1. Scan the stretch 27-54 and report the pairs whose first residue is open to solvent by 10 Å² or more (accessible area, probe 1.4 Å) and whose second residue is in a strand (DSSP E or B) and hydrophobic (A, V, I, L, M, F, W, C), with Cβ atoms within less than 6 Å and a gap of 6+ or a chain change.
2. Quick check on this structure: which one of Val110, Val56, Val67 is over 21 Å from Tyr182 (Cα atoms) and β-branched (Val, Ile, Thr)?
3. In the stretch 136-186, what count of residues is obtained for those that are more than 16 Å from the chain's Cα centre (by Cα) and over 16 Å from Lys209 (Cα atoms)?
4. Taking the conditions exactly as written (modelled with pLDDT under 95 and surrounded by fewer than 24 Cβ atoms within 10 Å (Cβ to Cβ)), does Pro128 satisfy them or not?
5. Which of the residues that make up the stretch 239-277 are within 21 Å of the chain's Cα centre (by Cα), more than 19 Å from Phe64 (Cβ to Cβ) and in a helix (DSSP H, G or I)?
6. Here are some residues: Thr250, Thr235, Thr219. Which one is surrounded by fewer than 23 Cβ atoms within 10 Å (Cβ to Cβ), within 19 Å of Ala116 (Cβ to Cβ) and modelled with pLDDT of 95 or more?
7. Can you tell me which residue within the stretch 77-87, out of those that are farther than 11 Å from Tyr27 by Cβ and in contact with a strand residue (DSSP E or B) (Cβ under 6 Å, 6 or more places away or on another chain), is least open to solvent (accessible area, probe 1.4 Å)?
8. Ser75: over 16 Å from Ala116 (Cβ atoms) and touching a residue at least 24 places away in the same chain (Cβ under 8 Å), yes or no?
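The values are calculated or read from the model by the stated rules, or taken from the named source; none is laboratory data. This one's a predicted model, so the numbers in the text were calculated from it and none came from an experiment. Cβ sites come from the backbone with ideal geometry, for glycine too, and all protein chains shown count toward neighbours. Accessible surface areas use protein heavy atoms only, side chains included; no ligands, DNA or RNA. Shrake-Rupley method; radii C 1.70, N 1.55, O 1.52, S 1.80 Å.
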Amino acid sequence: VYEIRLHIPKSKIPMSYWATSHPKVHYVIIGIDSYPNWLVWNDEEKKSMPVPNYDVSARDALAFKSVFVDQNRMSGTYYLLTNNNATKANIRYAIEKAAWAAGPNDYLVVYFSGYADRDVWAGGGSKPGGERKLLDHIVPYDGKNYGDINMAESTVITDGELEEWISRFPNKNVTVILDVAYAATFIDGVVREQSFDEFEFELLALKGKDYTVLAAARTYERTKAWESKGSLFTTGLLKGVGAINDTYITAYQLFVYARDWMWEDLKVTDQNPVFEGPQNRVIYIRNPYQWR
């Protein structure tokens, strides 16, 4: 083992990394509206068509960054990936870079707003007669669901893959926020039934792994958004930062605020967020000069 001691002038170190009394949060923030290689079946047109672009998820990601990175005393590094930058390889690399940059007591937040489903289809995007495989997954920009079923499976991000990537973080201080349809499939602990290989099985979801997971909807529910504005669940989380008076804010506090705001203020009845993991994980520290 060789040790090389380096001297780095303090002027070259970002102020956010000078001596502090609290750990840092490293962010991987993803928002995807455009899916050029992902098709969905349209009953009215009787054909497969591209996923509609609602111009919502990229806005979600930018709004999330403006609050949790720009206004957070815990903010460390961040990686903002939207649309064509949010490929599967780039998402994985961003999580790896966050792990490399983290100290032993730091935190990781992975935020994803975009498209997800409970099945992978090949042969034309849920086209009747196409191959179907039950698989918990979120879809990166380069996800592809036509052609060979194995290609479709390999281009999505499964719950098992996401777990493998975040497990490289130096501790369990990880919060995953999924503002996607069927988000709770990542934390339901269910092994999906396979129909293509009797020896194949899915890794268990993120349930019981000591990670904090905020799922925007139950396993059978889709999510709601204001078109060209933002997703309801993400909007609730951001409103929670301003509404909660505490200096130290946990992921669970934000989850409860967003859930109750959707239920009580917006009267939403068909989208029910789900929480998994430790409730005391602080992910936001308010600056003393912030107005509330």
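1. Listed by first residue and then by second, the contacts come to Asn42/Met49; Ser48/Leu39; Ser48/Trp41; Val51/Val40.
2. Val67
3. So the answer is 13.
4. Answer is yes for this residue.
5. Selection gives Asp260 alone.
6. Exactly one of Thr250, Thr235, Thr219 is surrounded by fewer than 23 Cβ atoms within 10 Å (Cβ to Cβ), within 19 Å of Ala116 (Cβ to Cβ) and modelled with pLDDT of 95 or more, namely Thr235.
7. Ala86
8. The answer is yes for Ser75.
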